[in-house]
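Below: one structure, written as structure tokens.
Only the coordinates and a few stated rules stand behind these numbers; no lab work does. Everything quoted here is computed from the prediction, not taken from an experiment. For neighbour counting, all protein chains shown are included, and Cβ atoms are generated from backbone atoms with ideal geometry for every residue, glycine included.
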């Protein structure tokens, strides 16, 4: 590493803010550690307390690792003046391969939805993946007809 970058005070502030952002994102995605559909008894309230402590601890670990990873990757990225050129790839062939893979996965998910006994949560996840795959196929078709 020929040019060593030194962290300033503002960099440490950004680092802490990145860690806090990932911690809050983790908590938000998990409904802040709240369990749904618990019966009210002394045992379930004890289990919920343990779960919440474990969830917050896991969120702290996630925030530290992911926040540090993102911050350090952005801060210390290589910025050399040398540019390299990649070999030419036929984009149309690449789009057809990607579309074929999307269609195979799409057929597999639809088959799973109609043959497996699934709960509403799993059906919702599979439906979300189907929407993502349809969006991917739409994008690929768009790029095939309008390459610019």
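Here are a few things to note about the model shown:
- Among the residues listed as 46, 55, the single one being exposed (fewer than 13 other Cβ atoms within 10 Å of the Cβ), out of contact with any strand residue (DSSP E or B) (no Cβ under 9 Å at 6 or more places or on another chain) and in a helix (DSSP H, G or I): 46
- Picking from residues in the range 78-95 that are assigned to a helix (DSSP H, G or I) and without any contact (Cβ under 8 Å) to a residue 24 or more places away in the chain, the one that is surrounded by the fewest Cβ atoms within 10 Å (Cβ to Cβ) is 93.
- Residue in the range 122-136 that is over 30 Å from residue 11 (Cβ atoms), touching a helix residue (DSSP H, G or I) at 6+ places or on another chain (Cβ under 7 Å) and in contact (Cβ under 8 Å) with a residue 40 or more places away in the chain present: no
- Residue check for residue 128: exposed (fewer than 12 other Cβ atoms within 10 Å of the Cβ) and more than 30 Å from residue 36 (Cα to Cα): no
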